[in-house]
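A quick write-up on the structure given underneath.
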Amino acid sequence: MNIKIDTSRVTSVITGSENLDKDFYDTWYYKDVELMSGKIYGLVSEYGQGCMYLSYLLGGKVDFGELQIFIDGISVSKEDLKSISWNLEPSKENYKNKTVRKAIEQSIKNNECVDTFEDIEEAFYLDERRHDRKLRYLSGERWRASAALGYVSGKKIFYAPYKNSIFYRQMNDSNMFKALRYLADKGNIIVLPVGSDTFIKLVVDECIYLDPVWRYEQ
């Protein structure tokens with residue numbers, strides 16, 4: 001799967017701004033972006049300068065405006081993206097109150113997934129002591145469990161809210177990037193918004209830098 005964000009027809013504005021999750025106002029200075037399946041991307045910008053906006057745009061949560069988005073050369077809509085995307089952070093989603101094992105097993109059944117729960121448990125490093133907990137109440141395992149549920153639900157784009165480098169460093173210690181690598185190896189796209197490439201560049205396939213280039217003349 002190849003995703004292209006085309007800004008060539010944007011004439012009225014040079015930025016997109018959105019209040020995301022009702023507590024994060026983000027502004028992205030438009031630029032063409034291309035993503036390929038099978039890769040983990042770091043979306044890098046300062047706080048409030050586009051990384052979460054682009055992540056949520058790919059998640060089908062932001063209106064396109066004059067932007068055009070293509071998947072494998074075919075123009076898609078916001079709803080098209082929403083149907084194949086999954087938020088790694090469940091706390092703002094309607095699946096936040098689902099329990100780990102029950103939700104995954106039900107989704108395996110509904111989607112006729114070839115994997116068993118035991119396969120998913122191993123691939124996403126799920127702790128059997130937390131199988132009966134709601135996703136919203138998990139800590140270090142929360143994104144892994146959410147990724148597992150999204151995977152068996154047949155989603156193709158995995159996105160996330162803004163986090164700092166320390167968060168990703170800590171999540172690396174909890175096997176999160178091993179789980180995300182499993183997703184990538186299955187042909188999915190993962191985008192991770194962050195304020196700096198200090199750590200993320202060590203664990204992703206590619207960083208996409210979104211900060212605007214400022215010019216100053218005295």
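The set of residues from the range 110-160 being small (Gly, Ala, Ser), open to solvent by 20 Å² or more (accessible area, probe 1.4 Å) and either at pLDDT 95 or above or on the phi > 0 side of the Ramachandran plot (or both) comprises 153, 154.
Of the helices (runs of 4 or more DSSP H) lying entirely inside the range 114-218, those containing at least 1 residues that are β-branched (Val, Ile, Thr) span 117-123, 142-152, 165-173. If only one of 46, 66 is within 18 Å of residue 207 (Cβ to Cβ) and either exposed (fewer than 15 other Cβ atoms within 10 Å of the Cβ) or among the polar types (S, T, N, Q) (or both), which one is it? The conditions single out 46.
Taken over the range 1-43, the criterion of being surrounded by 13 or more Cβ atoms within 10 Å (Cβ to Cβ), among the hydroxyl-bearing types (Ser, Thr, Tyr) and modelled with pLDDT under 75 is satisfied by 15, 17. A count restricted to the range 148-183 and to residues that are within 15 Å of residue 93 (Cα to Cα) and touching a Leu at 6+ places or on another chain (Cβ under 6 Å) stands at 3. Being in a strand (DSSP E or B) and either crowded, with 23+ Cβ neighbours inside 10 Å or without any contact (Cβ under 8 Å) to a residue 60 or more places away in the chain (or both): is that true of residue 107 here? In short, no.
The values are calculated or read from the model by the stated rules, or taken from the named source; none is laboratory data. Only a predicted model underlies this, so the values are computations on that prediction, with no experimental measurement involved. Positions of Cβ are backbone-derived with ideal geometry, glycine not excepted, and every protein chain shown enters the neighbour counts. What goes into the accessible areas is simple: the full protein's heavy atoms, side chains included, and nothing from ligands, DNA or RNA. Shrake-Rupley method; radii C 1.70, N 1.55, O 1.52, S 1.80 Å.
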